[in-house]
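Engineer: Dropping the structure in here first, questions after.
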Amino acid sequence: MPAEKNDPLDAWIVAVAPRALAYARSLVREPADAEDLVHDCFGRLLAHSRDYDLVRDGDKLLFKSITHACIDWTRRQRPQSGLETAEQEDRSSERPDQQALRNELQQAVHHALEELDVTDRAIVELRSLGHTLVEVAEMLSLSHANARVKLHRARQTLAARLQPYFDGES
Amino acid sequence: MSHDDTPEENTPEDRSVNRIVRHYLDEEAAREPAAELVNRLKKLPRQAAATPASAAELPADVRQARRVLRRVAWLAGMAAALLVSVLMIRTLSPKPATAASVLRDVQAHHTSTVDRCYQVQYTPVNWDGKNKLEGPSHSVLWTRGEQFWSDFTVGDLHLKLGREADGRLWLSSARDKGVRFTNDDTQLPPEVAFLCAVNAMSVPRLIDDVLADFELQVERSDLGRGNRATVWATLRSGRSHTLLSDAKLVIDTEKNVLLALTLWTVRDGKPKGSATYTLIDNAKQWDEVYRLESHVEEGAKIETHTMGKGK
């Protein structure tokens, strides 16, 4: 698109927004709220777009901002039992046709991630998105050692749930 | 971002998890295109497109002027952020009066003859499997004020259930038969009363209950998605309710429509399950659709039951 070619910030938005939204959705599990949070985080960054080089550093700044916003949002929600959370929240926010479109693996990963604490989920997902563990630890204000332990435990949990889907992997 | 596989991915299992999670996020990103969000993001106010790197190429006096302007902008930004913080704190703090007024508007709207269709999911807690009518169920529920009809499945049972304009409830398990109950809801057999309560939410009645016995807290979210409010309702200390301990109502405050609802149900004070309702349609329905006769074939056997509670 010509506008994106002319404006590097527009091009950056187009490139990063879908991933950022998917990440926020996975953390908060409420699509509409995730979109609000992502919109808000972009708004704060773009309001200071002259103070940062968003094309170069924007991904890290954005994902750090989204991580904090989503964790804060999640902690404001009332605690629910695992069964309630796993079985109802995702369904309440999805239309039947959307659910049907999810394939089995997507469903399995969706539910496996849901079993993790939101911070552990953020660590695993940020790492899978290509952020180094040092960056992830910094984003979450954790020590490198603590982040490493959390990442290891979260992956063990996921591996136990997703083992059947590892065929053909690794 | 760099994507080094070491030392955090020490095992093939770690790498598999990493790849599967990445694949999941990529699929999620592709599944629902973010075009609408991207368009809104592009319109967000931003500072000039120049980056700090290009600023170094400017003359010294321009850089000095920019520094002053940036400081002024920073102070203005801080003042704006403070204002936003105050507003956010106000909107997130408990405001029973506001929550009540939001609910009354919804109640008035849902009392009218407007048809709403919800997808309903019920998930029991600690279900022992003995009474399958209390097991996991899903249904499609049409409501119009106090009238409703529900097409629901619980276990291997497929049933239709409704309340007609005169308040009578009906139930049908096949096209050739149906039963109409002359009792009011409190006199129904427990199983039927439970099915009605869970699968046939009446918004006006629910809001009456919530306003009477529940603490309310409202959260508003106006961030680019129109006006939406989430109302949390928690049973007040010292109060009891035959069915509910908590409820979460997501409301379109412009149209006064209940978009989604979660009910946490109890029996004898213990958690029993949760039911979620998601608005999926609002097309005008034929008046007769709420009557039993619309759901059975012509000549079907229709019985009328009048039963005491617990019989």
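Engineer: Residue A:27 - would you say it is more than 7 Å from every other protein chain (Cβ to nearest Cβ) and touching a Lys or Arg at 6+ places or on another chain (Cβ under 9 Å)?
Structural biologist: yes
Engineer: Of the conditions (1) assigned to a helix (DSSP H, G or I); (2) buried (at least 19 other Cβ atoms within 10 Å of the Cβ); (3) more than 10 Å from every other protein chain (Cβ to nearest Cβ); (4) of a type outside the set (D, E, K, R), residue A:111 fails just one. Which one is it?
Structural biologist: Here residue A:111 meets the rest and fails (2).
Engineer: Here is a further query. Tell me yes or no: at least one residue of segment A:32-39 is closer than 22 Å to residue A:125 by Cβ, within 12 Å of the chain's Cα centre (by Cα) and either of a type in the set (Ser, Thr, Tyr) or modelled with pLDDT under 85 (or both).
Structural biologist: Within segment A:32-39 (the criterion being closer than 22 Å to residue A:125 by Cβ, within 12 Å of the chain's Cα centre (by Cα) and either of a type in the set (Ser, Thr, Tyr) or modelled with pLDDT under 85 (or both)), the answer is no, since none of the residues qualifies.
Engineer: Could you look through segment A:74-89, keep only residues that are at pLDDT 50 or above and facing another protein chain (nearest Cβ under 10 Å), and pick out the one that is farthest from the chain's Cα centre (by Cα)?
Structural biologist: Among them, the one singled out is A:78.
Engineer: Right, next: If you go through segment B:140-196 one residue at a time, how many are modelled with pLDDT under 80 and polar (S, T, N, Q)?
Structural biologist: Number satisfying all stated conditions: 4.
Engineer: Spot the failing condition for residue A:39; the list is (1) more than 7 Å from chain B (Cβ to nearest Cβ); (2) free of Cβ contacts under 8 Å to residues at least 12 places away in the same chain; (3) of a type outside the set (Ser, Thr, Tyr), and only one is missed.
Structural biologist: Of the numbered conditions (1) more than 7 Å from chain B (Cβ to nearest Cβ); (2) free of Cβ contacts under 8 Å to residues at least 12 places away in the same chain; (3) of a type outside the set (Ser, Thr, Tyr), the odd one out for residue A:39 is (1).
Engineer: Related question: Search segment A:45-62 for residues being at the interface with chain B (Cβ under 9 Å from one of its Cβ atoms) and part of a helix (DSSP H, G or I), and hand back the single one that is farthest from residue A:133 (Cα to Cα).
Structural biologist: A:47
Engineer: Right, here's the next one. With the structure loaded, tell me whether residue B:214 is out of contact with any Phe, Trp or Tyr (no Cβ under 6 Å at 6 or more places or on another chain) and modelled with pLDDT of 75 or more or whether it fails that test.
Structural biologist: Criteria met by residue B:214.
Engineer: Would you say residue A:151 is under 20 Å from residue B:11 (Cβ atoms), at pLDDT 80 or above and either assigned to a helix (DSSP H, G or I) or more than 8 Å from chain B (Cβ to nearest Cβ) (or both)?
Structural biologist: yes
Engineer: Say whether the condition of being touching a residue at least 24 places away in the same chain (Cβ under 8 Å), crowded, with 20+ Cβ neighbours inside 10 Å and assigned to a loop (DSSP other than H, G, I, E, B) is met by at least one residue in segment A:15-29.
Structural biologist: Among the residues of segment A:15-29, at least one is touching a residue at least 24 places away in the same chain (Cβ under 8 Å), crowded, with 20+ Cβ neighbours inside 10 Å and assigned to a loop (DSSP other than H, G, I, E, B), which makes the answer yes.
Engineer: Okay, moving on. Just for segment B:31-44: of the residues that are aliphatic (A, V, I, L, M) and at the interface with chain A (Cβ under 7 Å from one of its Cβ atoms), which one is surrounded by the fewest Cβ atoms within 10 Å (Cβ to Cβ)?
Structural biologist: So, considering only residues that are aliphatic (A, V, I, L, M) and at the interface with chain A (Cβ under 7 Å from one of its Cβ atoms), the one surrounded by the fewest Cβ atoms within 10 Å (Cβ to Cβ) is B:44.
Engineer: Where residues in segment B:217-235 are more than 9 Å from every other protein chain (Cβ to nearest Cβ) and in contact with a Phe, Trp or Tyr (Cβ under 7 Å, 6 or more places away or on another chain), which of them is modelled with the highest pLDDT?
Structural biologist: B:233
Engineer: Sort through A:108, A:100 and tell me the only one that's of a type in the set (Gly, Ala, Ser) and modelled with pLDDT of 85 or more.
Structural biologist: A:108
Engineer: Please enumerate the residues belonging to segment B:26-39 that are modelled with pLDDT of 85 or more and either farther than 24 Å from residue A:108 by Cβ or in a loop (DSSP other than H, G, I, E, B) (or both).
Structural biologist: B:38
Engineer: For residue A:66, which of the numbered conditions (1) more than 7 Å from chain B (Cβ to nearest Cβ); (2) touching a residue at least 60 places away in the same chain (Cβ under 8 Å) fails to hold?
Structural biologist: In the conditions (1) more than 7 Å from chain B (Cβ to nearest Cβ); (2) touching a residue at least 60 places away in the same chain (Cβ under 8 Å), residue A:66 misses (2) alone.
Engineer: Another question about this same structure. How about segment B:128-145: which of its residues are closer than 13 Å to residue B:155 by Cα and in contact (Cβ under 8 Å) with a residue 40 or more places away in the chain? Please lay out each step first, then the result.
Structural biologist: Taking segment B:128-145 and keeping what is closer than 13 Å to residue B:155 by Cα, we get B:129-139.
Those that are closer than 13 Å to residue B:155 by Cα and in contact (Cβ under 8 Å) with a residue 40 or more places away in the chain: B:131, B:133, B:134, B:137, B:139.
Engineer: May I pose another question? Looking at A:141, A:128, which one is of a type in the set (Ser, Thr, Tyr) and under 21 Å from residue A:76 (Cβ atoms)?
Structural biologist: Of the residues listed, the single one that is of a type in the set (Ser, Thr, Tyr) and under 21 Å from residue A:76 (Cβ atoms) is A:141.
Engineer: Right, another one. Of all residues in segment B:282-303, count the ones that are assigned to a helix (DSSP H, G or I) and not charged (D, E, K, R).
Structural biologist: Taking segment B:282-303 as the starting set, the residues that turn out to be assigned to a helix (DSSP H, G or I) are B:287-290, B:292-295.
Still in the list and also not charged (D, E, K, R): B:289-290, B:292, B:294-295.
Going through segment B:282-303 one residue at a time, the tally reaches 5.
Engineer: Let me ask you something else. Name the single residue that is modelled with the highest pLDDT among those in segment B:1-25 being surrounded by 13 or more Cβ atoms within 10 Å (Cβ to Cβ) and more than 7 Å from chain A (Cβ to nearest Cβ).
Structural biologist: It comes out as B:23.
Engineer: Condition first: within 13 Å of chain A (Cβ to nearest Cβ) and either within 30 Å of residue B:126 (Cβ to Cβ) or within 11 Å of the chain's Cα centre (by Cα) (or both). Now tell me which residues in segment B:267-286 satisfy that.
Structural biologist: B:270, B:271, B:272, B:273, B:274, B:275, B:276, B:277, B:278, B:279, B:280
The values are calculated or read from the model by the stated rules, or taken from the named source; none is laboratory data. Just so it is clear, the model here is predicted, and its values are computed rather than measured. No Cβ is skipped: glycine too gets one built from the backbone with ideal geometry, and neighbour counts run over all protein chains shown.
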